[in-house]
Amino acid sequence: MKKLVFLALSLFLPLLATAQDTKVDFAVFVSPTCVHCKHFENEYLPVLQEKYKDDVNFIIYDVSQDGNNLILQQTAKAFGKSPAYPTAVVGDTYMVGYPHEIKTYAESAIEKARLLNQKTLVQTKTPDTQTAFSQITFWAIIGSGLVDGINPCAFAVIVFFISFLTVYKYTRREIIVVGLSYCAAVFAAYVLIGLGLFRFLYAMQGFYWVIKGFYILTALVCLVFFVLSLYDFWIYRKTKKSDKMLLQLPQNLKVRIHKIMGFFLRDKHESVWRLMLAALAVGFCVSLVEAVCTGQVYIPTVVLIMQDPAYRVKAFIYLLLYNFMFIVPLLAVFALAVAGYESRGFNDFLKKHLGITKLLLCVVFLGLFILLAQNI
């Protein structure tokens, strides 16, 4: 009996739908990095477009373009589904995957939408919660970058660098040249690291469960670092010593950084350009080594920025903003060094406020965990 009903519907629905004058919308969400999307666009979409060219408006959303990924997220949420590629929506029918659902149900869903004159339910408006999240993210980027710049890993390297320049009797002019070049190199190195991570995350956007797992893992790492930072804070408050802390630059990496500085800057160059190039090399190499420690904050922050992956321009601006805030403490220290402050004063400052720094890191890691967990 069921077979007869299905056969009757398949024969009569096209005839009844022909009487409808209004075209229905067939929305498709695809990603340029998704293999199944490519197969769908090359194999089946042209067939549908040819068959229903007079009756259906085919709307293609490339999720790598601004705003389209957000439209997919909100549409999937409205249907109680998880966003994935490729996705097709026609009338009140939501189909995910090719050939599994789209090829199986697309034509009958089109006929149903035409017969009932259904409007395709694609959510194009951004909810207020998204706007609020974006504002929180902006301040999270600023705070994370600034705290990361004054964390013990980065600040210890700054103090040693100033000590090094003082021991080798660099003049004020030379400290200015070396300092600005070093800061520029640190900024460039971290931006390049962030862009590399961006490239990976953008490439993975078509593989929903991979990127979902990466976001979950990053959120859990933030939670672990929050606990470790809290432990470091407790240890410092109890002992007033930093050697028992867990989150700090390993001794072998400290030695490597010292060797890098000595290799490039031990012999002062009379030429300003050679001195500048040497400082750039030091800043770049040290940043790559130091990233083992500072990446604890940096990587979760980049992942936070990528929660809204359709807005690449905004993500890039946030990346630059984070790294600028990261070098603000560095610039401040060099400015004080030029003004005549000695490295011992910086070292005393670091020890005196180490507990506060660890507490700030606790706040940052907890905040990053909450922001990431809200949108997983």
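Pairs meeting the criteria (first residue in the range 145-169 and more than 14 Å from Asn323 (Cβ to Cβ), second residue open to solvent by 50 Å² or more (accessible area, probe 1.4 Å) and at pLDDT below 75, beta carbons under 6 Å, at least 6 apart or on different chains) are Pro152/Gln248; Val159/Asn347.
Residue pairs whose Cβ atoms lie under 7 Å apart, separated by 6 or more positions or on different chains, with the first residue in the range 194-209 and within 17 Å of Asn323 (Cβ to Cβ) and the second open to solvent by 50 Å² or more (accessible area, probe 1.4 Å) and modelled with pLDDT of 70 or more, are Leu197/Ile299.
Condition check ((1) at pLDDT 80 or above; (2) among the polar types (S, T, N, Q); (3) buried (at least 18 other Cβ atoms within 10 Å of the Cβ); (4) closer than 24 Å to Val363 by Cα) across all residues:
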{"site": "Gly196", "(1), (2), (3), (4)": "yes, no, no, no"}
{"site": "Val210", "(1), (2), (3), (4)": "no, no, no, no"}
{"site": "Leu217", "(1), (2), (3), (4)": "yes, no, no, yes"}
{"site": "Leu220", "(1), (2), (3), (4)": "yes, no, no, yes"}
{"site": "Phe226", "(1), (2), (3), (4)": "yes, no, yes, yes"}
{"site": "Tyr231", "(1), (2), (3), (4)": "yes, no, no, yes"}
{"site": "Arg256", "(1), (2), (3), (4)": "no, no, no, no"}
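Given the criteria buried (at least 16 other Cβ atoms within 10 Å of the Cβ) and either within 21 Å of Val210 (Cα to Cα) or modelled with pLDDT of 90 or more (or both), does Ala27 qualify? Judged against the criteria, Ala27 is a match.
The values are calculated or read from the model by the stated rules, or taken from the named source; none is laboratory data. Please read these numbers as outputs of a predicted model, since none were measured by experiment. Every residue, glycine among them, receives a Cβ derived from its backbone with ideal geometry; neighbour counts consider all protein chains shown. Heads up: the accessible areas ignore ligands, DNA and RNA and are worked out on the full protein's heavy atoms, side chains in. Shrake-Rupley method; radii C 1.70, N 1.55, O 1.52, S 1.80 Å.
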